[in-house]
Structure formats: structure tokens, C-alpha cells
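Following: one structure in C-alpha cells, then a few remarks.
Please treat every number below as a calculation from the coordinates, not as lab data. Computed from a predicted structure; not experimentally measured. So basically every Cβ, Gly included, is an ideal-geometry build from the backbone, and we count neighbours across all protein chains shown.
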Amino acid sequence: MTIETSQLDALRRWLRSAGSAFADVEAAAQLKGGQSNPTYRLDTGAGPVVLRKQPRGASKWAHDVRREHTVLSALKQTDVLTPTPYEFCDDASILGGDFYLMEFIDGRIIDDCRLFDAPREQRQAIYRSFTQAVAQLHSVDYQAIGLASFGKPKEFVSRQIALHGKLFQNYQPAGEPNMAWLEKTLPRFIPSGGTFGVVNNDIRLGNAVLDATEPRVISLLDWEMATIADTRVDASLLLLPYYLPSNHPQGSFRNVAMGTEGLPLEEEILAAYGEADTQLQDMVFFIVFNLYRYASVSAGIAHRLAQGIAVADDAARYGPTVTPTARAAVELARNSFARDVPPPSDQEAC
């Protein structure tokens, strides 16, 4: 998705009218990575800056870059590692949807969780730094930074289960037995307790910027799904690479020799997170919950690909992961909190 010359001209005019320091846009190039909001590097007279926009065909509430801008603005009052947000625009006549500018963070982005593009001796330290950055986010007093009304945490998990059930039905009308089983079963086992806080809601190593040479995270990205919820929603995402199917485009730790490859064990991730927050009860439920959401999101990516509006070059790799991801969720649930629930049947797909 390129920004056309006429759109660049309109962008320059709008930025000048907004008094932006980045109005002198010289060039725009789309950045790779992510399946939702198109992201561009703008080279300007004041240096590089990032533009994030809604994708073509998105409804007003979907791919909510206004939400992203709001949470980033609030988090700049804290020590959480985030880029600085700049101008926000909701005039769809400029680029076809909402957009905003944010600080360009120069560093490494490695999408595959196995970190094959990083030196083996750095991988443990990178994961430790990433996990501690997420724990730092979860320690923020969200009310003190003006996010008291940013989400509805008490019913978040149940709403998400129902939402993804409806979305999946739209993506795959024929249904899928494992997804139907999860939609029906998960509401019965939602854990109580937990701590409410700011959650990125899409946290993974591929949504972090690493220092160019050192094994540490310098910024957390992709905040469009951020909300206020049980922080275990995010904490369990730290563990998802251990449970994703081996064909997942973001990588998987299945069949990986963790010690040989310099990667952390699950207990080491938990320990690094627990240094700042030890509220980790009922993590298995949230891992299953996130596998269910990942399967739904993968179906959505495949659906957009079929419509010709996919954002990323690797969109075709997500469709084949839907059933393996949902099956992994069912197996984990039936081996833990849902042992007495009968397995999925073909009839549940309808």
C-alpha cells in the first residue's frame, strides 16, 4: 500500500496547517511487519518520522489509530518504553482514514520469536528485557495517567470471546469444530481475581524495537488494541510461542532445542515477569484464550487476503494456521481446566 503523490501533497498541506515540524515530507516508504495498520517511514526536513493509518476498507471503529494515539500520549507520562506520538488527524479526505505521526525509533525489529536474526548469546537477555518491559507496563497506575475510562475491564474476557466468535463466523461461515468448542466452553472457566492495568493486548517480541547492537528492548509498538483489562491477558501472551503451531508465521518454540538456540524456558519468562509482578494464577486459561483469539485473527487475515485488502506480504501464511492453533487451544484446555468437557465434534462447526 503506497501513498500516492496526490496524497503526499494533501498530507503536506495538512501538516503545515497543523503547525507540524514534519510538514516538509520528502519521501514515504511502507515499513514491513504487522497485519493491520499500514505503517510508513516519512523522511522529512526535520528527520524521519513514522505515520500509522487505518487500512483501506476498515470501518470507523476497526484498526483504531485514535485509540493508539490516546494510550501513547498517556504513557509518555511514565517510564514505559514507547514512541512519542505527534499529530493526529481524523480527516479521511487526506489519506482515506485516520492517521497519526509518531517518533521513529531506530533499532532492530525481529518478527520471528526464535530470534534467528540475533546472535545466540543475546537471545536470553533480549527476552529478559522484553518481559521486564511488559511487567513495567502492567505496574502503571492507569487512573493516575488519565486512562480511567479507557476500557471496561470487568467484562473484557467474556466480551472478547463473544466478539471473536462472531468475527470468526463472518470469516469462515462453514465453521470450525475447535473454534465452536472454545467459544462455548471458555466462558464457563473465566478466572476471578487478577489485577487490572494497561494492556497492549497484542504484545509480542515482533512488536518491540531492539537496540541496534545491545540485547535490550528500547520501545514497545502497536497499541491499537490497547485497553484496561486483567494484566494476565498480556502476561500470557509472553508464553504463547511455547504453544503456537510450528507453521505459525511469527515462529514457534515447538520442536526447538531451547538451550542450544539460547532461548529461555517457560519458567525463566515467568521469573523475569514475576520480578515486577507475581499475579500469575490461572495463566493456562489465558494462554488458551489467546490461542483462540490468534486463530480468529489469522482467519481475519486470510479473509482480507481473499478480498484483496491484505496489508502484509506474508498474509497467505496465516490461513493454514487457523485449525492447528484452535486445536492446540482445545488440547491445552482439555489437559488442564476443561478435563471433564467432551471433545469437539463435527456438529459444533455448524
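Taking all Cα pairs closer than 8 Å and separated by 6 or more residues, the relative contact order of the chain comes to 19 percent. Fully extending the segment from R188 to T213, taken as 0.36 nm per residue of separation minus the present Cα-Cα distance, adds 4.3 nm.
The Cα atoms of region 120-257 give a gyration tensor whose axes a ≥ b ≥ c have a/c of 1.5 or more with a/b no greater than b/c, which makes the shape oblate.
Projecting the Cα positions of I269, Y318, N200 onto the charge dipole of the chain (unit charges on Cβ atoms of Lys, Arg, Asp and Glu, taken about the Cα centre) puts Y318 furthest along the positive direction. All Cα-Cα distances of region 5-103, cut into 5 Å bins from zero to the largest, leave 2, 13, 24, 26, 21, 10, 3, 0 percent in each bin in turn. Any chance you could count the Lys pairs in the chain whose alpha carbons are under 28 Å apart, treating pairs 8 or more apart or on different chains as valid? Lysine pairs satisfying the spacing and distance rule in the chain number 17. Would you mind checking the tilt of helix 283-306 against the longest principal axis of the Cα atoms of the chain, expressed as 0 to 90 degrees and rounded to 10? Tilt of helix 283-306: around 50 degrees. Exposed loop GluC sites (Glu not before Pro) only (DSSP loop, at most 12 other Cβ atoms within 10 Å): please give the longest stretch of the chain free of them, not including the sites. Free of exposed loop sites, the longest segment is 5-274.
Normalising the average separation of contacting C-alpha pairs (under 8 angstrom, six or more residues apart) by the number of residues puts the relative contact order of region 5-103 at 24 percent.
The overall shape of region 88-182, judged from the alpha-carbon gyration tensor, is rounded, with an a/c ratio under 1.5. Given their separation in residues at 0.36 nm each and the Cα-Cα distance between them, D313 and D340 gain 5.5 nm when the chain is fully extended. Using the Cβ-Cβ distance between A46 and R254 with R0 set to 56 Å, the FRET efficiency from 1/(1 + (r/R0)^6) comes to roughly 0.80. Cβ-Cβ distance of R13 and E267, R₀ of 41 Å, FRET efficiency by 1/(1 + (r/R0)^6): the value works out to about 0.15.
Annotation: extensible slack from A125 through S139 equals 2.9 nm (criterion: 0.36 nm per residue apart, minus Cα-Cα distance). Other residues whose C-beta falls under 12 angstrom from the C-beta of H248 contribute a net charge of +1, scoring Lys and Arg +1 and Asp and Glu -1.
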